[in-house]
Amino acid sequence: MKLPELGVRRPILTIMIFLGILVLGIVSLTQLPIDLMPDIEYPTMAVITQYPGASAEDVETLVTKIMESQVATVPRISEVVSTSEEGVSAITLRFEWG
């Protein structure tokens, strides 16, 4: 028996199969989780350098300012934030999307 012939001869069977598929689809759709605010990672990078025994002013002048001027040449940077502490320099780079 061919499929179109089965559908014409047994319309109740065709309707029941169609309704079964429809019910399964609706149940699946209601169980599907929708995340309106997905977890995203912002494009950032941190450069941390150590200069043991140096004061915060020395770290700023000898390390941080030089590193800032070098990393600022990287394309598509939107923001550069730096901190200088005793013996440690931290530079955070935020990139544009894309």
Heavy-atom accessible surface of the chain: percent carbon and sulfur, 1.4 Å: 64
Correct choice for Kirkwood radius over Cα pairs in Å that was computed from the model, options (i) 19.1; (ii) 19.6; (iii) 16.6: (i)
Relative contact order, percent, the chain [alpha-carbon distance under 8 Å, six or more residues apart]: 29
The chain: angle of helix 11-31 to the longest principal axis, Cα-based, in degrees nearest 10: 20
Positive-pole candidate from Pro52, Thr14, Ser69, dipole of the chain, charges at beta carbon: Thr14
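The values are calculated or read from the model by the stated rules, or taken from the named source; none is laboratory data. Keep in mind that this is a model prediction, so the values were computed, not measured. Neighbour counts are summed over all protein chains in view; Cβ atoms, including those assigned to glycine, are modelled from backbone coordinates with ideal geometry. SASA here: full protein model, heavy atoms, side chains in, ligands and nucleic acids out. Shrake-Rupley method; radii C 1.70, N 1.55, O 1.52, S 1.80 Å.
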